[in-house]
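Heads up: the structure comes next, in structure tokens.
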């Protein structure tokens, strides 16, 4: 667990050390669990951020994608009653890491995108020209949406009439247990 001396905040290094200790101690027992996948990814990405705190792409990935998934997986572990103490500790670690990364994110360097945005030619219309065509198009669109809405309303009424509950044939066991 040799953490190199970097510009990472000491609190983030401390949280990484906690994550690493939990990872090292629990990997044999929990490696098959569904939540372990996200915990393992969190461990790796957090180690990367501690070593490279200027990497804005990884920080953004952690905050937008990975930490919410980790939260839900750890929360489901607590909800199921499996390893409640570990689940609550992991939820606390996720919250603390998110808060620390939020402070670190504005300082991170984001790569510049080099995509070209296509330019759209702008057509200026004179107030009198073309207005008749646009009203016809709008009225046609309004008529189509009205017919679609009425068709949908008629079909939903038929569906309600067709759906009648059928009584199940009672068996001897139903008579015994009264269901």
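The values are calculated or read from the model by the stated rules, or taken from the named source; none is laboratory data. If you're wondering where the values come from, they're calculated on a predicted model, not measured in any experiment. Here the Cβ positions follow ideal geometry from the backbone for every residue, glycine too, while neighbour counts run over all protein chains shown.
Observations on the structure shown:
Let's see how each residue does on (1) touching a strand residue (DSSP E or B) at 6+ places or on another chain (Cβ under 9 Å); (2) free of Cβ contacts under 8 Å to residues at least 40 places away in the same chain; (3) surrounded by 15 or more Cβ atoms within 10 Å (Cβ to Cβ):
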{"site": "26", "(1), (2), (3)": "no, no, yes"}
{"site": "35", "(1), (2), (3)": "no, no, yes"}
{"site": "45", "(1), (2), (3)": "no, yes, yes"}
{"site": "53", "(1), (2), (3)": "no, no, yes"}
{"site": "59", "(1), (2), (3)": "no, no, yes"}
{"site": "65", "(1), (2), (3)": "no, yes, no"}
{"site": "69", "(1), (2), (3)": "no, yes, yes"}
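- Number of residues in the stretch 76-106 that are over 21 Å from the mean Cα position of the chain (by Cα), closer than 18 Å to residue 32 by Cα and assigned to a helix (DSSP H, G or I) equals 2.
- For the stretch 107-119, the count of residues that are loosely packed, with under 13 Cβ neighbours inside 10 Å, in a helix (DSSP H, G or I) and modelled with pLDDT under 90 is at least one.
- The stretch 15-24, residues that are buried (at least 18 other Cβ atoms within 10 Å of the Cβ) and touching a residue at least 60 places away in the same chain (Cβ under 8 Å): 15, 19
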